[in-house]
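Right, one structure below, let's go through it.
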Amino acid sequence: MVWLKKILPPLIILVAAILVVSGLSFLRPKPEPQVFTEPAAPKVRAMIAEPKPQQIMVYTQGTVRPKREIELASQVSGQIEYVSDIFVDGGFFKQGDELLKLDARDYKIEVIRAKSRIAEAEQLLATEQGRAFQAKREWRDLGNKAGNALFLRQPQLKAAEAAVEAAKADLDQAKLNLERTSIKAPFDGRVREVKVNLGQYLTTGKNVAQIFAIDAVEVRLPLTPSQSELLELPLTPDQAIHLPVVLSTKMGEHRWKGNISRTDASIDPRSRVIYGIVEVPKPLDGDHPLMVGLFVNAEILGKQFEHVVAIPRMALYEKENVLVVTEGQELTIQPVSVLQYRGGIAYVTGIQTGDVILLDRPGYVVDGMKIEPVVETSDHLVVQ
């Protein structure tokens, strides 16, 4: 019975504890069931799409350069004995103006010698003509109808005639060299750089100046593949296209009009761009001349596209998508085609009239999630 006395008290305590816990659990109030409520849809700024026809403008930049520029060279040798006042860096000249004159005395002497050689050749020709006539008459007196060509002096006569022609050619060459001692302007233009001066001796082919024409200038405009797709570039011989271009200075104070009439023969292998050539006629006319070397902005009139929507650039999702809210206020991710970025605006196609496009992005994006769009009017949108 000793062991019973040892076990009985703990057993009583355990049973009492179980009864207390069971009683408390029975008396505890039961939890009331909670009704699940869907969280409120986030409010996000949105716009209603209004696609319309849009003629895209392509923007690029380039440097003005002459349409024609050459290295003016001397065609004869000699010492410079005259330099025109307009033959200076930046000087203007007209076609035919004398820029330089070389010492012409040697060439004048050569003209006189050439004339002397003509006289000698003509004298020899006259002598041979007389001899040929005499030989022909003597041959007839002998009673033979057919004459030997050598006896009739025909080869000698042809040689004398050729000598006269050669002497005349020498005279023409001498006169031409004498004329070339005067270096004249081949077109209306301007001197970029003078390379010789008074008293200097020139050899044949020596460059005397770098000059360019002022009747027209060109601007090479780099165009990326995406920009080229927006333009009707003249890329084949059958295309006689002249794209209107407006050139302007960096601040836009002055503007000039031109046309892209051709492109470079190939795509630049390093930059992968193609250059469109803009030609501007009479660049110096008007109050603000278009100077060679000026860096200009260019606006090129591109293709006409239908159903174009201008949206803020921040409205694009992952560069080529927009977030559209359906009539049931469900979010959908819709792909679009971006035609052009212009500042903070993106011009896109692939959006239907009346589509609700989100301008801001919710905290997270899940296709099909509920969205409450807050539509803003076009007056509140910065779309240029």
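The values are calculated or read from the model by the stated rules, or taken from the named source; none is laboratory data. Nothing here was measured: the structure is a model prediction, and the numbers come from that model. We place every Cβ from the backbone using ideal geometry, glycine too, and count neighbours over all the protein chains shown.
Values for this structure:
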quantity	calculated
Selection from segment 208-240 of residues that are in a strand (DSSP E or B) and either modelled with pLDDT under 90 or farther than 24 Å from Arg342 by Cα (or both)	Val208, Ala209, Gln210, Ile211, Phe212, Ala213, Ala216, Val217, Glu218
Residues (hydrophobic (A, V, I, L, M, F, W, C) and out of contact with any Asp or Glu (no Cβ under 8 Å at 6 or more places or on another chain)) located in segment 229-246	Leu230, Leu231, Leu233, Leu235, Ala240
Residue match in segment 110-123 (condition: assigned to a loop (DSSP other than H, G, I, E, B) and either in contact with a His (Cβ under 9 Å, 6 or more places away or on another chain) or farther than 20 Å from Val208 by Cα (or both))	no
Subset of segment 84-94 [in contact with a strand residue (DSSP E or B) (Cβ under 8 Å, 6 or more places away or on another chain) and not aliphatic (A, V, I, L, M)]	Ser84, Phe87, Asp89, Gly90, Gly91, Phe92, Phe93
Condition met for Tyr341 (touching a helix residue (DSSP H, G or I) at 6+ places or on another chain (Cβ under 8 Å) and either within 20 Å of Ile56 (Cα to Cα) or assigned to a strand (DSSP E or B) (or both))	yes
Which numbered condition Lys136 misses (of (1) in a helix (DSSP H, G or I); (2) modelled with pLDDT of 95 or more)	(2)
Scope segment 293-312; condition in a strand (DSSP E or B), crowded, with 16+ Cβ neighbours inside 10 Å and among the hydrophobic types (A, V, I, L, M, F, W, C); matching residues	Val296, Ala298, Ile300, Leu301, Phe305, Val308, Val309, Ala310, Ile311
Hits in segment 182-197 - residues which are among the small types (Gly, Ala, Ser) and in a loop (DSSP other than H, G, I, E, B)	Ala185
Condition check for Ile80: closer than 30 Å to Val374 by Cβ and at pLDDT 90 or above	no
Tally of residues being outside any strand (DSSP E or B), of a type in the set (Gly, Ala, Ser) and in contact with an Asp or Glu (Cβ under 9 Å, 6 or more places away or on another chain) across segment 78-104	3
Filtered residues of segment 178-191 (kept if closer than 11 Å to Phe87 by Cα and either touching a Phe, Trp or Tyr at 6+ places or on another chain (Cβ under 6 Å) or exposed (fewer than 13 other Cβ atoms within 10 Å of the Cβ) (or both))	Ala185, Arg190
Some residue of segment 93-109 being in contact with a Leu (Cβ under 9 Å, 6 or more places away or on another chain), modelled with pLDDT of 80 or more and within 30 Å of Leu358 (Cβ to Cβ)	no
Flag if Glu218 is among the charged types (D, E, K, R) and free of Cβ contacts under 8 Å to residues at least 24 places away in the same chain	no
Residues satisfying the stated conditions in segment 321-343, i.e. surrounded by 12 or more Cβ atoms within 10 Å (Cβ to Cβ), of a type outside the set (D, E, K, R) and in contact (Cβ under 8 Å) with a residue 40 or more places away in the chain	Leu323, Val325, Gln329, Leu331, Leu339, Gln340
Residue in segment 241-255 that is modelled with pLDDT of 90 or more, part of a strand (DSSP E or B) and more than 16 Å from the chain's Cα centre (by Cα) present	yes
Qualifying residue in segment 273-283 (condition: surrounded by fewer than 17 Cβ atoms within 10 Å (Cβ to Cβ) and in the same structural domain as Glu232 (by TED's automatic domain parsing))	yes
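Conditions tested, residue by residue: (1) of a type in the set (Ser, Thr, Tyr); (2) free of Cβ contacts under 8 Å to residues at least 40 places away in the same chain; (3) within 28 Å of Val338 (Cα to Cα).
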{"site": "Lys206", "(1), (2), (3)": "no, no, no"}
{"site": "Arg262", "(1), (2), (3)": "no, yes, yes"}
{"site": "Glu279", "(1), (2), (3)": "no, no, no"}
{"site": "Pro289", "(1), (2), (3)": "no, yes, no"}
